[in-house]
Amino acid sequence: MTTERNPDLITATLSVLGILAISLLLEHEFDLKQALLFLVGTGFGICLMYALFGFSGGWRFFIRDRNSAGVRAQILLLALTSIIFFPILGKVFPGITGHAAIGPVGTAVLVGSFLFGIGMQLGGGCGSGTLFTVGWGHTDMLITIIFFIVGATLGSAHLPWWLSLPNIGKVSLISEMGWLSALLAQLVALALLYYLVRYLDLKKNNSLKSITTSGNTPVSQKLILGPWPLIWGVVGLAIFNLFTMLLAGHPWSIVFAFGLWGAKIWNALGGDVGTWTYWSGGYPAKALNSSVLGDVTSIMNFGVIIGAMLAAALAGKFAPQGAINGKRLITTITGGLLLGYGARLGFGCNIGAMLAGISTGSLHGWLWMAAGFSGSILGIYIKIWMKIDKPIREKA
């Protein structure tokens, strides 16, 4: 039996006012595109919150209980965004262009994504998850974000050494196969993966948790107040990812902002990250020497937080909570460090490397997913060993 929750109108009103104020500020100080990208970020936050679309949770439920609902939704999101992005990158539509999220396939991504996988289970969230749960009111997740920032900053300092280790360079499936052949091959691979996790779920649980339903409330009420079925989250995230590509010229990403914030903080404390290889040229150097509000990833991250806050308030679920015990504090700090460091080595997180990489035809996205999932398995067993998570249950 579920308890009906009343919207938190005060928090919702403050959220809307904050969204309007920040949008106007960005339009005034920069341009309309910057304001629109912030609004796209709020859209991501609303989708994540209403659908409770979490990557770390989806992996945890599947690894621990073989509940495949979250993983199936993720696979559908990968397929849908691939269908959207491959033709754009193949220049099928005149006047519409974009850049793929291509990373090197090698040791750095392998190690980084494996560490990130451990961190997302210890820290209790992934790249997108840490942002939307803070907006939800889980203030203890701020600890994860703080050490996420520290880890990403350290990772940017060490990245050149990691890139000197063996790798085969950047591999684009679109460049190698052509966009249509690459898309068909990718959809086949995703379909096989979908039916594998579905089979393993049914084998253990005898039935599947639906990703197309979420209670009996009317559709109009559900749309405004939630909760959404996971499939709505899939469609919403894909649409806002398309908006990101059209406005920013690249797919949704998260982690660069964390490293940038850490670099700016270190500079403010008297350091000089401008001498580090990563921050000495190109866009990183430009972002380091400009306002944080001029960085697309930063303003979209801010949008995710406030969008999730608005959705949580409308759903009556906004409830700041920050109590954390000693064991949880240790895993949160450790998880945050591994999240940041691993994401920088892995050229992104579950969003910027896995979702963006796979959906734009980068082979490193597939390597990231395999290694990140393997790291998550280890992270879950560490939490079980520490008696923070429940033991993996046997077949029902």
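Quick check: the distance between the Cα centres of region 143-210 and region 65-130, to the nearest angstrom?
Computed from Cα coordinates, the inter-centre distance equals 5 Å.
Kindly write out, for region 355-366 in residue order, the coupling ³J(HN,Hα) from the Karplus curve 6.51 cos²θ - 1.76 cosθ + 1.60 (θ = phi - 60°), rounded to whole Hz, with x marking Gly and Pro.
Each residue of region 355-366 in turn: 5, 5, x, 5, 6, 10, x, 8, 5, 5, x, 5 Hz.
Using a 1.4 Å probe on the protein chains only, how many percent of the accessible area of the chain belongs to carbon and sulfur?
Its accessible area is 68 percent carbon and sulfur atoms.
Expressed in nm², what is the orientationally averaged projection area of the convex hull enclosing the Cα positions of region 153-290?
14.2
Taking the Cβ of Gly70 as the center, what net charge do the other residues with Cβ under 13 Å away carry, scoring Lys and Arg +1 and Asp and Glu -1?
+4
Computed over the Cα atoms of the chain, what is the ratio Rg over Rh, Rh following Kirkwood?
Rounded to two decimals, Rg/Rh equals 0.95.
For each pair in Lys209/Lys317; Lys33/Lys286; Lys170/Lys264, compute the distance between the two Cα atoms and list the pairs where it is over 25 Å.
Lys170/Lys264
What FRET efficiency do you get for Lys204 and Val92 if R0 is 45 Å and r is their Cβ-Cβ distance, rounded to the nearest 0.05?
Given R0 = 45 Å and the Cβ-Cβ separation, E is 0.60.
For Val105, list long-range residues whose amide hydrogen, built 1.01 Å from N in the peptide plane, is under 5 Å from its own amide hydrogen.
When sequence neighbours closer than 5 places are left aside, the close amide H contacts are Ile168, Gly169, Lys170, Val171.
Quick one: among Trp136, Trp276, Trp368, which has the greatest mean-square fluctuation in a GNM of the chain with alpha-carbon springs under 10 angstrom?
Residue with maximal mean-square fluctuation among Trp136, Trp276, Trp368: Trp276.
Between Ile83 and His28, with labels modelled 7 Å along Cα→Cβ, what's the label distance in nm to one decimal, could you check?
4.3
Check cross-link reach from Lys383 to the aspartates and glutamates: straight Cα distance under 19 Å, and skip same-chain residues fewer than eight apart.
Asp65, Asp140, Glu394
List the relative contact order of region 1-124 as a percent without decimals, with contacts defined as Cα pairs under 8 Å and 6+ residues apart.
12
What net charge is computed for the residues neighbouring Pro320, neighbours being all others with C-beta under 13 Å from the C-beta of Pro320, Lys and Arg scored +1, Asp and Glu -1?
Residues close to Pro320 contribute a combined charge of -1.
For Leu247 and Ser290 in the same chain, what is the full-extension length gain: residue separation times 0.36 nm, less their Cα-Cα distance, in nm?
Full extension from Leu247 to Ser290 adds 13.5 nm.
Compute the Rg to Rh ratio over region 14-173 from the alpha carbon atoms, using the Kirkwood formula for Rh, and round to two decimal places.
0.99
Please list, or write none, the lysines whose alpha carbon is within less than 17 Å of the alpha carbon of Lys204, excluding same-chain residues fewer than 8 places away.
List returned: Lys395.
Among Gly43, Gly281, Tyr341, which residue has its Cα positioned farthest towards the positive end of the charge dipole of the chain, with +1 placed on the Cβ of Lys and Arg, -1 on the Cβ of Asp and Glu, and the dipole taken about the Cα centre?
The listed residue farthest towards the positive side: Tyr341.
Would you list, by chain and number, the lysines whose Cα falls below 18 Å from the Cα of Lys387, excluding same-chain residues fewer than 8 positions away?
The qualifying lysines are Lys327.
Roughly how many Å² is the accessible area per residue of the chain, as a whole number, for a 1.4 Å probe?
43
Report the calculated FRET efficiency for Ala191 and Trp385 (r = Cβ-Cβ distance, R0 = 51 Å), to the nearest 0.05.
0.90
Enumerate the amide H contacts of Asp389 below 5 Å, restricted to partners 5 or more residues apart or on another chain; note that Pro and chain-start residues carry no placed amide H.
For Asp389, whose amide H was placed from the backbone, the distant partners under 5 Å are Ile384.
Assuming 0.36 nm per residue, please report the length gained on full extension of the stretch Leu184 to Gln321 beyond their Cα-Cα distance.
44.8 nm
Give me the number: length gained by fully extending Ser280 to Leu154, i.e. 0.36 nm times residue separation minus the C-alpha to C-alpha distance, one decimal in nm.
Net length gain for the segment: 43.8 nm.
The values are calculated or read from the model by the stated rules, or taken from the named source; none is laboratory data. Note that the structure is predicted; figures quoted are calculated from it, not measured. Glycine also receives a Cβ, built like all others from the backbone with ideal geometry; neighbour counts cover every protein chain displayed. Side chains are part of the model used for accessible areas, which takes the heavy atoms of the whole protein and leaves out ligands, DNA and RNA. Shrake-Rupley method; radii C 1.70, N 1.55, O 1.52, S 1.80 Å.
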